[in-house]
Amino acid sequence: SQPQAQSSSTLSKGRILLVDGSAVIFRAYYKVMAKAHHNLIPELESEADWVLTVFTAFTTILGLLDLSPSHFAVVFDHKGGFADEQRCKTCVFIFTGLTFRHTMFPEYKKNRPPTPDTIYQGLDHLRPALVAMGIKVIEVPGVEADDVIATLAVSAATSEMKVRIVSPDKDFFQILSPDIRLLRFVPKGAGMVSFGMEEFSARFGSLEPAQFVDVLSLIGDTCDNIPGKYYHTIDSRLRSITCNIAGIPGIGEKTAIELITKFGSVENLLKQRDKVTTKRALKGLLADKGEALLSKRLVALRADLPSYMLPFTMDDFIWRKVHDDGQRLFQLLKAMSSFVDGEIHVELQDRILGLWKKLETKP
């Protein structure tokens, strides 16, 4: 069935920001750790690390709201697996944190390092703070946050809304359109860069965004343990990990783009692999035993999640002031700030009140 996340007739247009919540808090955590490492903040007490992580992530969210979206949502990966056994009778990983991709490839994401306890603790406090601010927080069992964001983005764009996805994840390149753009964090700094169809064409030539999944299937993604060979590059400032991958031996990004541009898809490439003239790429393709097609199934975003998984309308994502004037939110922020600098919450409160005032003056 079609996803139910559609605009009502009275709200057929607007601009929605869909935020990758995990990316925001991970980035916040590594920024705090980097500052502590360089003695830019006082020595962290036992509770200070997660509190500063939450405040850093929350500040990022406030910065996004400064962009004045009409609709706003933060999406996280769900802690458990499928919640509805009646709709998933063959699933064997109820409430385990796994997704449908693990049924296709049990080793999926096994290469990822464990999530720091600080982030888990921070998430337990960031989520209720966002809800108390009137922000829609979404977690859907059995699928990844990327699939939820993709489904909501495509649905909103179909309803003539402008969509901005806040995430560093290149997987979202595959759903770019005139109405869907990415806001990507600058690797070294506090800003963001906008990435849309123009930037995609400048980087990938005549390749269509929908074909980017074919490129990914050739180069792999070992961060998610999608078949491939990888090398880690550590950004010393944020201590974040990126991957340079060669999914099919002998095929890097440049070669993958050339091959998909010429053959159109992985399927066509495999059927005509004998026409590949690059020796290293040909050798890798001849040795392929189904890894490329498996990788394509793993990296392809689900942009068609059914309505029982996303029982929302776009009205549910309208960014508006909460009914209690922020009293619950301000209490949460004040309680957390007691573990660090007792005045941090005052600055955040002033920013929040300013955002709500801006909402009242919007036409």
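The values are calculated or read from the model by the stated rules, or taken from the named source; none is laboratory data. A quick note: this is a predicted structure, and the numbers were derived from the prediction, not measured. Cβ: placed from backbone, ideal geometry, glycine included. Neighbour counts: every protein chain shown. Just so you know, the surface numbers come from the protein's heavy atoms only, side chains and all, with ligands and any DNA or RNA stripped out. Shrake-Rupley method; radii C 1.70, N 1.55, O 1.52, S 1.80 Å.
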Any chance you could run the full-extension gain for Q349 through L40? It's 0.36 nm times the residue separation minus the Cα-Cα distance, nm to one decimal. 108.9 nm
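Once you order the gyration tensor axes a ≥ b ≥ c over the Cα atoms, which shape class does segment 270-317 get: rounded for a/c under 1.5, otherwise prolate or oblate by comparing a/b with b/c? Write down the numbers at each step before the final one.
Details: a/c = 5.15, a/b = 3.92, b/c = 1.31.
Prolate, since a/c reaches 1.5 and a/b exceeds b/c.
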What value in Å³ per residue do you get for the convex hull of the alpha-carbon atoms in segment 14-62? 72 Å³
Lys/Arg +1, Asp/Glu -1 at C-beta; segment 250-337 dipole; positive extreme among S265, L285, M314: L285
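Rounded to whole Å and ordered largest first, report the semi-axes of the equivalent ellipsoid of segment 131-196 derived from its Cα gyration tensor (root of 5λ).
19, 17, 13
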Using a 1.4 angstrom probe with every protein chain in place, what is the largest-first accessible-area order of L67, L123, L17? L67, L123, L17
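Express in % the proportion of alpha carbon pairs of segment 274-363 at distances exceeding 19 Å.
That tail contains 69 percent of the Cα-Cα pairs.
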Counting Lys and Arg as +1 and Asp and Glu as -1, what is the net charge of the other residues whose Cβ lies under 14 Å from the Cβ of H345? -1
How big is the accessible area of I248 in square angstrom, nearest 10, if you roll a 1.4 angstrom probe over the protein chains? 10 Å²
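On a full-extension model of 0.36 nm per residue, what is the gain between T361 and A210, subtracting their alpha-carbon distance, rounded to one decimal in nm? Let's see the in-between values first.
Working: separation 151, 0.36 × 151 = 54.36 nm, distance 3.97 nm.
Stretched fully, the T361-A210 segment lengthens by 50.4 nm.
If you count only protein heavy atoms with a 1.4 Å probe, what accessible area per residue comes out for segment 118-172, rounded to a whole Å²? Write down the numbers at each step before the final one.
On the way: 1480 Å² over 55 residues.
Value returned for segment 118-172: 27 Å² of accessible area per residue.
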